[in-house]
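Heads up, the thing below is written out as C-alpha cells.
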C-alpha cells in the first residue's frame, strides 16, 4: 500500500525530530566531555575601552573593576574593587551580571558601599596559565556624600590587601575563585570605621544574576547553608522581612548555596575560621546575601591593633550536587518565629 502524503509527512517529521534530538544529545555530550577535560589558559587583557578582563583562552571569565582615582567622579554607590560580568563555568552565562555594583565578587571589603577605594598596587602572576594569581593593595580616598559628617572625612582610614587565585575544577565543573583579604584599620580610625558597621564590617555580598527579578522569572528560590551546629539549613528566597534573614551563623568551612537551577548553582565557602568569625544577612529587597565579620571578634582584634582577615571561595555546583544538598537540608528553625514566611511568596 502506498503511503499517503499525510503519513509520509508524519514519517519525515519523526525522522527530523530524531535527527534533531540526536544532534542536541551529541552536542551536550561533547560539551560535557569538553568540561571534563578542559585545561584553562588564564590571562588578563585590556579591551578597546580600557577595561581589564580575565580570560580563559578566548573565553571571557570576568571583568575587573579596579576602584577609583582622582579622575573618577566620587558619587553614588561606592563600588568595591571587584570582579563582575563573572562566569563560573567555561563558556557559560554570567553568574554575576555586567556592571553589578551591590553584589559583585568583592576584592576589597564592601563596607556597606560607603568608602571609595583606590588601587595602589596591582600585581598579576601568569607564570602558570592554569592558576591565575592577582594581588591588590588599596586604601580609601572618599566617603559617600549621603553619610554623616562627610566634610570631616579624611582619606586613609584603611589599607586593604587581597590575594586572588583562580583555578578550574573539572569535577565540579567550575572555576574556583579563592579570595584572601586583610583589612588594616589605621591607629585612631577604629571608631570612624566601626561606628556604622550595622553589626559587623561587611567583607562580601553576592547577588547572582537573575535573582533580583519577579518571582515568575527569578532563579534560585532556596538558600541552603552549613550552619554552626553542622546541619544544612534551608531558607526560602522571598521578600519577607522576618528574623530568619538575620544572624545566619556558619560552621567552620561553612557554605552558602543558591539553589536550584540546571545551569549551575553558586556557592560561597567560608574557609577555616572565617566561617566561625562571620555571619550573614539576606536582603529582603534584592535577594543578595551579605557576609559580615563578627562584631565580637572585630572588637577583639581592633583593640589588639590587629588586622581583620577573611578567606572565602566562590564556585558553582552541578544541579545533581545542589539537589543532594537540598535533600540533606531541613527548614531553618528560625522559620518558626513570628513574622516569618514559609516556604516562599505566592507565585
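The values are calculated or read from the model by the stated rules, or taken from the named source; none is laboratory data. Because the structure is predicted, anything quoted here is derived from the model rather than measured. A quick note on method: Cβ atoms are made from the backbone with ideal geometry, for glycine too, and the neighbour counts reach across all protein chains shown.
I'm checking my understanding of the structure. Among residues of the range 262-280 that are in contact with a helix residue (DSSP H, G or I) (Cβ under 7 Å, 6 or more places away or on another chain) and touching a residue at least 40 places away in the same chain (Cβ under 8 Å), which one is nearest to residue 239 (Cα to Cα)? Full working, then the answer.
Filtering the range 262-280 down to residues in contact with a helix residue (DSSP H, G or I) (Cβ under 7 Å, 6 or more places away or on another chain) leaves 262, 265, 277.
From what is left, the residues that are touching a residue at least 40 places away in the same chain (Cβ under 8 Å) are 262, 265.
Details: 262: 24, 265: 21 Å.
Residue satisfying both the conditions and the ranking: 265.
Based on this model, can you work out whether residue 140 counts as farther than 15 Å from residue 113 by Cα and either free of Cβ contacts under 8 Å to residues at least 60 places away in the same chain or surrounded by fewer than 18 Cβ atoms within 10 Å (Cβ to Cβ) (or both)? Write out each step before concluding.
Working: farther than 15 Å from residue 113 by Cα: no; either free of Cβ contacts under 8 Å to residues at least 60 places away in the same chain or surrounded by fewer than 18 Cβ atoms within 10 Å (Cβ to Cβ) (or both): yes.
No, not satisfied.
So, in the range 211-236, of the ones that are touching a helix residue (DSSP H, G or I) at 6+ places or on another chain (Cβ under 8 Å) and modelled with pLDDT of 95 or more, which residue ends up surrounded by the fewest Cβ atoms within 10 Å (Cβ to Cβ)?
It comes out as 232.
Among the listed residues 75, 71, which satisfies the condition of being on the phi < 0 side of the Ramachandran plot, free of Cβ contacts under 8 Å to residues at least 60 places away in the same chain and part of a loop (DSSP other than H, G, I, E, B)?
Details: 75 fails: free of Cβ contacts under 8 Å to residues at least 60 places away in the same chain.
Testing whether each residue is on the phi < 0 side of the Ramachandran plot, free of Cβ contacts under 8 Å to residues at least 60 places away in the same chain and part of a loop (DSSP other than H, G, I, E, B) leaves just 71.
Are any of the residues in the range 63-74 under 20 Å from residue 162 (Cβ atoms), at pLDDT 95 or above, surrounded by 11 or more Cβ atoms within 10 Å (Cβ to Cβ) and in contact with a helix residue (DSSP H, G or I) (Cβ under 9 Å, 6 or more places away or on another chain)?
For the range 63-74, residues under 20 Å from residue 162 (Cβ atoms), at pLDDT 95 or above, surrounded by 11 or more Cβ atoms within 10 Å (Cβ to Cβ) and in contact with a helix residue (DSSP H, G or I) (Cβ under 9 Å, 6 or more places away or on another chain): absent.
Failed condition for residue 126, given (1) farther than 20 Å from residue 182 by Cβ; (2) crowded, with 19+ Cβ neighbours inside 10 Å, with all others met?
Just one mismatch for residue 126, condition (2).
Residue check, residue 208 against (1) within 25 Å of residue 87 (Cα to Cα); (2) in contact with a strand residue (DSSP E or B) (Cβ under 8 Å, 6 or more places away or on another chain); (3) surrounded by fewer than 22 Cβ atoms within 10 Å (Cβ to Cβ), all met but one. Which one?
(3)
May I ask you to list the residues in the range 237-261 that are closer than 29 Å to residue 92 by Cα and in contact with a helix residue (DSSP H, G or I) (Cβ under 8 Å, 6 or more places away or on another chain)?
Of the residues in the range 237-261, the ones closer than 29 Å to residue 92 by Cα are 237-239, 253-261.
253, 257, 259, 260, 261 - these are the residues of the range 237-261 that are closer than 29 Å to residue 92 by Cα and in contact with a helix residue (DSSP H, G or I) (Cβ under 8 Å, 6 or more places away or on another chain).
Scan the range 268-281 residue by residue and report those that are part of a strand (DSSP E or B) and over 20 Å from residue 107 (Cα atoms).
So in the range 268-281, the residues part of a strand (DSSP E or B) come out as 268-270, 278-281.
Hits for the range 268-281: nothing passes.
Applying the selection to the range 162-180, what residues are surrounded by 18 or more Cβ atoms within 10 Å (Cβ to Cβ) and out of contact with any strand residue (DSSP E or B) (no Cβ under 7 Å at 6 or more places or on another chain)?
If the condition is that a residue be surrounded by 18 or more Cβ atoms within 10 Å (Cβ to Cβ) and out of contact with any strand residue (DSSP E or B) (no Cβ under 7 Å at 6 or more places or on another chain), then 173 is the only one that fits.
If you go through the range 154-199 one residue at a time, how many are part of a loop (DSSP other than H, G, I, E, B) and in contact (Cβ under 8 Å) with a residue 24 or more places away in the chain? Step through it out loud before you land on a result.
Applying the first criterion (part of a loop (DSSP other than H, G, I, E, B)) to the range 154-199 yields 154-157, 170-173, 186-189, 195-199.
Retained after the next criterion (residues that are in contact (Cβ under 8 Å) with a residue 24 or more places away in the chain): 156-157, 170, 172-173, 186-187, 189, 196-199.
Selection size over the range 154-199: 12.
Please enumerate the residues belonging to the range 289-310 that are buried (at least 18 other Cβ atoms within 10 Å of the Cβ) and not in a helix (DSSP H, G or I).
289, 290, 291, 292, 293, 294, 308, 310
If you go through the range 81-92 one residue at a time, do you hit one that is in contact (Cβ under 8 Å) with a residue 12 or more places away in the chain, within 20 Å of residue 201 (Cβ to Cβ) and in contact with a strand residue (DSSP E or B) (Cβ under 7 Å, 6 or more places away or on another chain)?
Going residue by residue through the range 81-92, those that are in contact (Cβ under 8 Å) with a residue 12 or more places away in the chain are 81-92.
From what is left, the residues that are within 20 Å of residue 201 (Cβ to Cβ) are 81-82.
Pick out the ones that are also in contact with a strand residue (DSSP E or B) (Cβ under 7 Å, 6 or more places away or on another chain) and you get 81-82.
Within the range 81-92, one or more residues are in contact (Cβ under 8 Å) with a residue 12 or more places away in the chain, within 20 Å of residue 201 (Cβ to Cβ) and in contact with a strand residue (DSSP E or B) (Cβ under 7 Å, 6 or more places away or on another chain).
Might you check whether a residue that is under 30 Å from residue 142 (Cβ atoms), part of a loop (DSSP other than H, G, I, E, B) and over 18 Å from the mean Cα position of the chain (by Cα) occurs anywhere in the range 204-217?
Narrowing the range 204-217 to residues under 30 Å from residue 142 (Cβ atoms): 204-209, 211-212.
Now drop any that are not part of a loop (DSSP other than H, G, I, E, B), which leaves 207-209, 211-212.
Filter once more, so that each one left must be over 18 Å from the mean Cα position of the chain (by Cα): none.
The answer is no; no qualifying residue exists.
Tell me, yes or no, whether the range 181-193 has at least one residue that is more than 24 Å from residue 162 (Cβ to Cβ), surrounded by 16 or more Cβ atoms within 10 Å (Cβ to Cβ) and in contact with a strand residue (DSSP E or B) (Cβ under 7 Å, 6 or more places away or on another chain).
no
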